[in-house]
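Peer 1: Sending over a structure as C-alpha cells; questions will come in a sec.
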Amino acid sequence: MDRRTLLRATIAGASGLALPFTAWSAAYAAPAQNAPGPYGPLQAADANGIRLPAGFTSQVIARSGQAVPGTSYVWHNAPDGGAVIPNGNGWVYVSNSETSAASGGGASMVSFNSSGGVIGAGRILSGTDNNCAGGKTPWNTWLSCEEISLGRVWETYPLGGTAVVRPAMGRFKHEAAAADPVRKVIYLTEDETNGRFYRFVPTTWGDLSAGTLQVLVAGSATSGSFTWATVPDPDGSPTATRSQVSGSKSFNGGEGCHYANDTVWFTTKGDNRVWQVNLTTHTYELAYDDNLVNPGTAPLTGVDNVTGSTFGDLYVAEDGGTMDICMISPDDTISVFLRLTGQASSEITGPAFTPAGNRLYFSSQRGTTGSSSGGITYCVTGPFRT
C-alpha cells in the first residue's frame with residue numbers, strides 16, 4: 001500500500017470509531033481539499049509575470065543588488081522570511097537575507113507611508129548566517145532566525161534600536177517563530193528531517209533574554225493529544241535539543257509558523273504537510289497533506305512560509321512546485337491564490353499582510369535568474385476578504 005492509500009485508509013478507518021462529536025472534530029477533522037477559490041480563476045500573467053485573480057494588481061518593491069526605488073539603500077540578496085510591522089503613520093516590511101555572514105546575511109526593511117508609498121529602507125541586522133524565517137512580536141520587534149546547526153534567534157528593532165541575540169530561545173537549525181500573546185509564549189520550528197516543534201516561555205513577557213525552552217511531546221500519529229516538556233540544555237551542545245527529551249515528536253523539515261485565535265499552524269516541507277495545533281484542547285491534527293487531496297491533483301507542494309489574513313485564511317507559499325501561494329480557508333478548502341511564471345528555479349518567501357489586510361508582501365528568493373542575487377520583493381493589492 002503506497003503512502004497516499006495508507007493515509008486515506010487510516011483516516012477512513014478512524015471515521016468509523018464511535019466517538020463523541022467534540023472528540024471527533026478535535027482528532028479527525030479532514031485535511032483541506034480542492035475547491036474553487038473565493039476570488040475566481042487566475043488571469044493571464046501581468047507585466048511582473050504574476051497570475052492573479054481579477055481585481056488584484058502587483059508591483060515590484062525591491063530587487064536584490066539594486067537600490068530600493070525612492071531610496072539609496074541596496075536591497076539584500078536571497079530575500080526570505082518577512083513580516084509587516086506598524087509604525088504609527090504606516091508600516092515597515094522586514095525581510096531576512098538567507099545568505100552567509102560574508103555575503104550579507106541578516107535582515108533589512110522598507111518603510112511605507114499610510115498610502116503604501118516607499119519612504120525609506122535600511123539594514124536592521126548584519127553579520128549573521130542564513131537568516132531564513134522568523135516572526136514578529138506583539139511589541140513590534142522582528143525575530144530573525146538562523147537556519148544553521150546551532151543557529152540563533154536575533155531580536156531586531158525595525159522601528160529603532162540595535163539587534164540582540166537571544167540564546168535562551170535555543171540553539172538549533174531555526175526556521176520560523178510565532179508569538180502567542182494569550183499564553184505568553186513564542187513557538188519555534190526546526191528545519192531538520194527529524195526536527196521538533198518548540199515553545200519558548202519567557203520569564204517576563206516582552207523580554208526574551210531569559211526563559212524556558214520546551215518541546216512538544218506526542219505520539220507518532222498525525223493527530224492526537226500533546227504535552228510540553230522542558231529541554232534540559234537549550235544550548236544544544238554536545239546533545240542537540242531535538243535529541244534531549246524522550247517522546248518528543250519528530251517533524252520532517254519544519255518551515256513556516258503562524259498563530260491566531262488559540263491555534264498555531266506550521267508547515268513541514270519533507271512531507272508537504274500543514275499541521276494545526278489546538279492550544280485550548282491540547283490536540284494536533286493535519287490541516288493539509290498533499291497525499292490526502294482527493295479527488296484531483298494536490299495544488300500545494302513544497303510547503304514553506306505561511307501567514308494568515310484577518311478573515312482567517314491561511315496563505316502558504318511554495319518552495320518550488322508551480323511557484324504558487326495557496327490559500328487554505330477556515331472551512332478546510334484549498335485553492336491557488338497566485339502563481340509566479342518564469343521563476344521555476346526560485347521559491348516564494350516572506351508572505352505578510354498589512355494591518356488593514358488589503359496588501360500582501362512577499363518575495364521570490366532567486367527571481368528569474370535562479371541566483372540569490374536575483375531576488376525580487378513584491379506587493380499585491382486587491383479586495384482580500386477581511
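Peer 1: Of everything in the stretch 246-258, what is closer than 17 Å to residue 214 by Cα, touching a residue at least 12 places away in the same chain (Cβ under 8 Å) and either open to solvent by 30 Å² or more (accessible area, probe 1.4 Å) or of a type outside the set (Phe, Trp, Tyr) (or both)? Give them in sequence order.
Peer 2: Answer for the stretch 246-258, where residues must be closer than 17 Å to residue 214 by Cα, touching a residue at least 12 places away in the same chain (Cβ under 8 Å) and either open to solvent by 30 Å² or more (accessible area, probe 1.4 Å) or of a type outside the set (Phe, Trp, Tyr) (or both): 247, 248, 249, 250, 254, 257.
Peer 1: Then there's this: Among residues belonging to the stretch 182-206 that are in contact with a Gly (Cβ under 9 Å, 6 or more places away or on another chain) and either farther than 20 Å from residue 257 by Cα or hydrophobic (A, V, I, L, M, F, W, C) (or both), point out the one that is most open to solvent (accessible area, probe 1.4 Å).
Peer 2: Filtering the stretch 182-206 for residues that are in contact with a Gly (Cβ under 9 Å, 6 or more places away or on another chain) and either farther than 20 Å from residue 257 by Cα or hydrophobic (A, V, I, L, M, F, W, C) (or both), the one most open to solvent (accessible area, probe 1.4 Å) comes out as 203.
Peer 1: Which condition number does residue 209 fail, the rest of (1) surrounded by 15 or more Cβ atoms within 10 Å (Cβ to Cβ); (2) of a type in the set (Ser, Thr, Tyr); (3) within 24 Å of residue 182 (Cα to Cα) being met?
Peer 2: Exception for residue 209: condition (1).
Peer 1: Please go through the stretch 161-186 and pick out each residue that is in a loop (DSSP other than H, G, I, E, B) and closer than 22 Å to residue 105 by Cβ.
Peer 2: First, the residues of the stretch 161-186 that are in a loop (DSSP other than H, G, I, E, B): 161-163, 166, 170-173, 181-184.
If the condition is that a residue be in a loop (DSSP other than H, G, I, E, B) and closer than 22 Å to residue 105 by Cβ, then 161, 162, 163, 166, 170, 171, 172, 173 are the ones that fit.
Peer 1: Yes or no: residue 151 among the small types (Gly, Ala, Ser) and part of a strand (DSSP E or B)?
Peer 2: It is false that residue 151 is among the small types (Gly, Ala, Ser) and part of a strand (DSSP E or B).
Peer 1: Among the residues of the stretch 260-268, is there at least one that is over 29 Å from residue 141 (Cβ atoms), open to solvent by less than 50 Å² (accessible area, probe 1.4 Å), touching a residue at least 40 places away in the same chain (Cβ under 8 Å) and aliphatic (A, V, I, L, M)?
Peer 2: Checked against the condition, which is being over 29 Å from residue 141 (Cβ atoms), open to solvent by less than 50 Å² (accessible area, probe 1.4 Å), touching a residue at least 40 places away in the same chain (Cβ under 8 Å) and aliphatic (A, V, I, L, M), the stretch 260-268 yields no hits at all.
Peer 1: Report, ordered by the first and then the second residue, all pairs with beta carbons closer than 8 Å, sequence separation of six or more or different chains, a first member in the stretch 34-49 that is open to solvent by 80 Å² or more (accessible area, probe 1.4 Å), and a second member that is outside any loop (DSSP other than H, G, I, E, B).
Peer 2: Close Cβ pairs (under 8 Å, with a partner that is outside any loop (DSSP other than H, G, I, E, B)) amount to 36/335; 41/53; 43/51; 43/53; 44/51.
Peer 1: Checking the conditions here, which among 7, 52 is at pLDDT below 95, buried (at least 17 other Cβ atoms within 10 Å of the Cβ) and of a type outside the set (Val, Ile, Thr)?
Peer 2: 7
Peer 1: While we're here: From 297, 263, grab the single residue that is modelled with pLDDT of 95 or more and in contact with a strand residue (DSSP E or B) (Cβ under 9 Å, 6 or more places away or on another chain).
Peer 2: 263
Peer 1: In addition: I want to confirm something. Restricting to the stretch 59-111 and keeping residues that are touching an Asp or Glu at 6+ places or on another chain (Cβ under 7 Å) and among the charged types (D, E, K, R), which single residue is farthest from residue 48 (Cα to Cα)?
Peer 2: Among them, the one singled out is 98.
Peer 1: Within the stretch 231-245, can you find the residues that are in a loop (DSSP other than H, G, I, E, B) and in contact (Cβ under 8 Å) with a residue 12 or more places away in the chain? Full working, then the answer.
Peer 2: Our first condition is that a residue be in a loop (DSSP other than H, G, I, E, B); within the stretch 231-245, this holds for 231-240, 244-245.
Hits for the stretch 231-245 are 231, 232, 234, 235, 236, 237, 240, 244, 245.
Peer 1: Restricting the stretch 257-307 to residues that are small (Gly, Ala, Ser) and touching an Asp or Glu at 6+ places or on another chain (Cβ under 6 Å), which is farthest from residue 180 (Cα to Cα)?
Peer 2: Of everything passing the filter in the stretch 257-307, 298 is farthest from residue 180 (Cα to Cα).
Peer 1: While we're on this one: How many residues, within the stretch 84-102, are assigned to a strand (DSSP E or B) and open to solvent by 10 Å² or more (accessible area, probe 1.4 Å)?
Peer 2: Total meeting the criteria: 2.
Peer 1: Looking only at residues in the stretch 117-148 that are in a strand (DSSP E or B), charged (D, E, K, R) and more than 18 Å from residue 86 (Cβ to Cβ), which one is least open to solvent (accessible area, probe 1.4 Å)?
Peer 2: Across the stretch 117-148, the extreme among qualifying residues is 146.
Peer 1: Any residue in the stretch 357-386 that's at pLDDT below 95: show its pairings with residues that are aromatic (Phe, Trp, Tyr) and in a loop (DSSP other than H, G, I, E, B) at Cβ separation under 9 Å, as long as the two are six or more apart or on different chains.
Peer 2: 386/311
The values are calculated or read from the model by the stated rules, or taken from the named source; none is laboratory data. On a predicted model such as this, the values are computed, not experimentally measured, just so you know. When we count neighbours, we look across all protein chains shown, and the Cβ atoms used for this are built from the backbone with ideal geometry, even at glycine. Only protein heavy atoms, including side chains, enter the accessible area calculation; ligands, DNA and RNA are left aside. Shrake-Rupley method; radii C 1.70, N 1.55, O 1.52, S 1.80 Å.
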